[in-house]
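A.B. asks: One structure coming up, written as structure tokens, with questions to follow.
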Amino acid sequence: MNDAALSKLIHDVNSKCASLKSAAALLRGADEKERAEFLKLMKEQARSLLEALDGCA
Amino acid sequence: MKKLSILLVEDDPLARKVLETELKGHALQSAADAAAGLAKINTGKFDLVFLDLDLGAKDPLAGLRLIAPAASAGAYTVIMSGHDEEEIVSRAYELGCHDFYSKGSETESVAQVLTRFDRHRALPEDEQVFTNRFVTQDPATQTAIAEALKFAASDLPILILGPSGTGKTMLARVLHERSGRKGPFVAVNCAAYQEDLLEAELFGYRKGAFTGADDSRRGRLLEADGGTLFLDEIGSMSLAMQTKLLKAIEEKIFYPLGSDKPEGSSFRVVSATLEDLPELVRAGKLRFDFFQRIHGLTVTLRALRERPDDALPLIAHFMRAGGRRVIFADDAKARLRAHGWPGNVRELKRLVELLAAGAEGMVTAATLGRYLGEARAKAPAAEEDPALTESQYRKAVSQGLSAAVDGLVDAAIARCLAENGGKKTKALKTLKISTRMLYASLERTGKKSP
């Protein structure tokens, strides 16, 4: 893995994890509908994080 | 809080949803890419614009290009990032953004950004510019500065209180810039002179007024005509000197040493001290009428330890000013906030210099400790006597004071000559020195013409 690819991976992991952390913090105060929407987006984010890691393996 | 008009430009759907939730209750519009964001900025009117710095892989820094349009449209522009890339954040501030929001941070919240926006909005436009320059998020300091600025254009004397290194001189200079006065800003550190020398410095003298007065010289009071006379460390002035200065301030007329011809000068007095002036009055060291004359409005600048949230923005400011880059780990940021800063902003600037010269990569709390120790060790010398640098003092101790003073004289004359194409008359005038002093220096340094 070259430097540019590594930088991109680090950047992606940081950004995606930041959103996941913020979303997790809001789950408790969300109503059912909103919580479902958050969970859907969080799963998509997690999948995209996995894809980013897979692409570098 | 009043319902605000907010634009959110964020390509990450989850991050967008998080912010939409946190900003619920406000009139919110969202854009998922830079082009859509720019279109909304150009057609809408927003109180706040939140811009993600990373708007997709194709153009990772597209967010930067939206800063100028958003800020110039009058919006409080906030950049967001999941990671503090100091260099990019610095660039964002240069482009005119107002605030930074760290996504995913456990210590920062959107509510804090909205509070800062509220404070920013509460200030008149020119004061917003000033507080950006002064770099403070502390409400008490912002209020003190705003209050002082209200009186910038008046003739009211202003007394600035605060510990050493809190920006008293800078505030005095800004007050002068905002005063509309055509004359110059003339600063005198009263603690840097013995009594007779201070009198000569302030009032000037005629040739032959005292031993060594080989030429006549204009005093600082005359130089400040039409401008501002900034008297730093005013608490160190003797009672006799206070009497003479009080008369000059009240009558706007004074006599240079050795002269019976009065000089007139109209200046506004801004003074500063770290001492407790009412206490000096009680102790009989400060004349009450002199105190009354200089403290028309009193402004107090707080020590940095009393406004710990200013440490990081100040460091970022000085790093930007010097074109430097250092990244702090979270534990280092916490350490900076908790630091006592005995030397205030002066110590912080010293830390920035040390970090810029020695730090590489990310600075952790462990590596920061060493730099804080060095900065603290250097700061007290500067705090005790800003007129004397540490290296000057060391030279005076090792070579004797006379040799050290000669060294300083030689260096100043050599530099002045170099800057003026070797013209001696120009050096004499610029440095206000006698021909004897100039030639003695040239002889010492072996530059005297045969």
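A.B. asks: In the stretch B:1-44, which residues are touching a Lys or Arg at 6+ places or on another chain (Cβ under 9 Å), surrounded by 15 or more Cβ atoms within 10 Å (Cβ to Cβ) and of a type in the set (A, V, I, L, M, F, W, C)?
C.D. replies: B:7, B:8, B:9, B:14, B:15, B:18, B:19, B:31, B:32, B:34, B:38
A.B. asks: Okay, moving on. Does residue B:247 satisfy being among the basic types (Lys, Arg) and without any contact (Cβ under 8 Å) to a residue 12 or more places away in the chain?
C.D. replies: Yes: the conditions hold for residue B:247.
A.B. asks: Okay, moving on. Which residues, taken from the stretch B:20-41, are part of a helix (DSSP H, G or I), in contact (Cβ under 8 Å) with a residue 24 or more places away in the chain and touching a helix residue (DSSP H, G or I) at 6+ places or on another chain (Cβ under 7 Å)?
C.D. replies: If the condition is that a residue be part of a helix (DSSP H, G or I), in contact (Cβ under 8 Å) with a residue 24 or more places away in the chain and touching a helix residue (DSSP H, G or I) at 6+ places or on another chain (Cβ under 7 Å), then B:22, B:34, B:37, B:38, B:41 are the ones that fit.
A.B. asks: Assess whether residue B:218 counts as being free of Cβ contacts under 8 Å to residues at least 40 places away in the same chain and touching a Lys or Arg at 6+ places or on another chain (Cβ under 9 Å).
C.D. replies: Yes, satisfied.
A.B. asks: If I filter the stretch B:171-194 down to residues being outside any helix (DSSP H, G or I) and among the basic types (Lys, Arg), which single residue comes out as nearest to residue B:430 (Cα to Cα)?
C.D. replies: Per the criteria, the residue is B:182.
A.B. asks: Continuing with this model, one more query. With (1) touching a residue at least 24 places away in the same chain (Cβ under 8 Å); (2) closer than 27 Å to residue B:258 by Cβ; (3) touching an Asp or Glu at 6+ places or on another chain (Cβ under 8 Å) as the list, and residue B:178 as the residue in question, which single condition is left unmet?
C.D. replies: (2)
A.B. asks: Any idea how many residues of the stretch B:124-152 are at pLDDT below 70 and either part of a helix (DSSP H, G or I) or closer than 15 Å to residue B:47 by Cβ (or both)?
C.D. replies: 9
A.B. asks: For the stretch A:7-45, which residues satisfy the criterion of being under 13 Å from residue B:13 (Cβ atoms) and in contact (Cβ under 8 Å) with a residue 24 or more places away in the chain?
C.D. replies: A:16, A:19, A:20, A:45 - these are the residues of the stretch A:7-45 that are under 13 Å from residue B:13 (Cβ atoms) and in contact (Cβ under 8 Å) with a residue 24 or more places away in the chain.
A.B. asks: Right, residue B:197: more than 19 Å from the chain's Cα centre (by Cα), among the hydrophobic types (A, V, I, L, M, F, W, C), buried (at least 22 other Cβ atoms within 10 Å of the Cβ) and in a helix (DSSP H, G or I) or not?
C.D. replies: No: the conditions fail for residue B:197.
A.B. asks: Related question: Taking only the stretch A:4-54 into account, find how many residues are within 15 Å of residue B:103 (Cβ to Cβ) and acidic (Asp, Glu).
C.D. replies: Residues meeting the conditions: 1.
A.B. asks: Quick check on my filter: what residues within the stretch B:209-225 are within 34 Å of the chain's Cα centre (by Cα) and buried (at least 16 other Cβ atoms within 10 Å of the Cβ)?
C.D. replies: Scanning the stretch B:209-225 gives B:217, B:219, B:220, B:221, B:222, B:223, B:224, B:225.
A.B. asks: A further question follows. Checking residue B:25 against (1) more than 22 Å from residue A:15 (Cα to Cα); (2) within 10 Å of chain A (Cβ to nearest Cβ), which test does it fail?
C.D. replies: Of the numbered conditions (1) more than 22 Å from residue A:15 (Cα to Cα); (2) within 10 Å of chain A (Cβ to nearest Cβ), the odd one out for residue B:25 is (2).
A.B. asks: Please go through the stretch B:225-260 and pick out each residue that is in a strand (DSSP E or B) and either of a type in the set (Asp, Glu) or under 18 Å from residue B:160 (Cα atoms) (or both).
C.D. replies: B:228, B:229, B:230, B:231, B:232
A.B. asks: So residue B:314 passes all but one of these: (1) outside the structural domain of residue B:230 (by TED's automatic domain parsing); (2) assigned to a loop (DSSP other than H, G, I, E, B); (3) not hydroxyl-bearing (Ser, Thr, Tyr). Which condition number does it fail?
C.D. replies: So residue B:314 meets the others, but not (2).
A.B. asks: Considering only the stretch A:13-48, how many residues are within 9 Å of chain B (Cβ to nearest Cβ), part of a helix (DSSP H, G or I) and over 8 Å from the mean Cα position of the chain (by Cα)?
C.D. replies: 10
A.B. asks: In the stretch B:335-355, which residue that is in contact with a Leu (Cβ under 7 Å, 6 or more places away or on another chain) and part of a loop (DSSP other than H, G, I, E, B) is farthest from residue B:365 (Cα to Cα)?
C.D. replies: Ranking the candidates gives B:341 first.
The values are calculated or read from the model by the stated rules, or taken from the named source; none is laboratory data. From a predicted model like this one, the values you see are computed outputs, not experimental measurements. As a convention, Cβ positions derive from the backbone with ideal geometry for all residues, glycine included, and neighbour counts pool all protein chains shown.
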